[in-house]
Amino acid sequence: MTIKEKKMSELDISIRQAIPTDAKQLMEVMSLLNQETPYLVVSPHALNMPVSSMEKEVDYIYQQDNQLILLALNHEEIIGIATLVSQEDKSFEHIGEVGITIKKDYWGIGLGTIMLEEIIELAKTSTTTKRLEINVQKRNTRAFSLYEKVGFSIDGIKEKGILSEDNELIDVIMMSYLI
């Protein structure tokens, strides 16, 4: 049995929406994920807010028809986060911005596919959401392939769209999924 096979046999993965009591662990995981990958952009505000503020934000999102925070857990440990966030402005509330990140130890086991498919299915049940959007750094080929696999298509490329950790300007691919 390989290490990966052994690890897979020890997993007990579940996926569910975040609730306010997840706020503290959610913030801790976001901080770790922000350090683990150069592809993630987490607002310093989100990492530095009081837990009580994060609890209120999670509760607000939980109550919305067109927004959600989806957690992947191994036993009780958060190992992945997927978000769907929409603007409150009536003109744009039908557009859901998708974000997804998974702990590096859990890359390559199909978790990203499962989480994105769940986001798409939940968006389809929304009375508001008609379009999903995601931005991916051009150098993040694994993520780009995943988004294509689940049905996202390229809308365009934002040249020099993000400044990397090495002060390199990286193109950003803008993708969408129509509901």
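Being outside any loop (DSSP other than H, G, I, E, B) and closer than 30 Å to Leu11 by Cα is a description that does not apply to Ile154. If the condition is being open to solvent by 50 Å² or more (accessible area, probe 1.4 Å) and touching a helix residue (DSSP H, G or I) at 6+ places or on another chain (Cβ under 6 Å), then the stretch 104-145 contributes only Lys104. A Cβ distance below 8 Å, combined with a sequence gap of six or more or placement on separate chains, defines the contacts here; from the stretch 20-44, residues that are among the charged types (D, E, K, R) and buried (at least 16 other Cβ atoms within 10 Å of the Cβ) reach no residue that is assigned to a helix (DSSP H, G or I) and modelled with pLDDT under 80. A count restricted to the stretch 111-136 and to residues that are assigned to a strand (DSSP E or B) and in contact with an Asp or Glu (Cβ under 6 Å, 6 or more places away or on another chain) stands at 1. Looking across Gly80, Gly151, Gly156, one residue alone is surrounded by 15 or more Cβ atoms within 10 Å (Cβ to Cβ) and in contact with a strand residue (DSSP E or B) (Cβ under 6 Å, 6 or more places away or on another chain). It is Gly80. Report yes if some residue within the stretch 47-58 is buried (at least 18 other Cβ atoms within 10 Å of the Cβ) and either free of Cβ contacts under 8 Å to residues at least 24 places away in the same chain or more than 20 Å from Gln25 (Cα to Cα) (or both); otherwise report no. Within the stretch 47-58, not a single residue is buried (at least 18 other Cβ atoms within 10 Å of the Cβ) and either free of Cβ contacts under 8 Å to residues at least 24 places away in the same chain or more than 20 Å from Gln25 (Cα to Cα) (or both). For Arg139, the criteria (1) part of a loop (DSSP other than H, G, I, E, B); (2) under 26 Å from Ile19 (Cα atoms) hold in every case but one, which is (2).
The values are calculated or read from the model by the stated rules, or taken from the named source; none is laboratory data. Bear in mind the structure is a predicted one, so any value in this text is a computation, not a measurement. Glycine gets a Cβ as well: all are built from the backbone with ideal geometry, and neighbour counts include every protein chain shown. When the accessible area is computed, the model is the full protein with side chains, heavy atoms only, and any ligands, DNA or RNA have been set aside. Shrake-Rupley method; radii C 1.70, N 1.55, O 1.52, S 1.80 Å.
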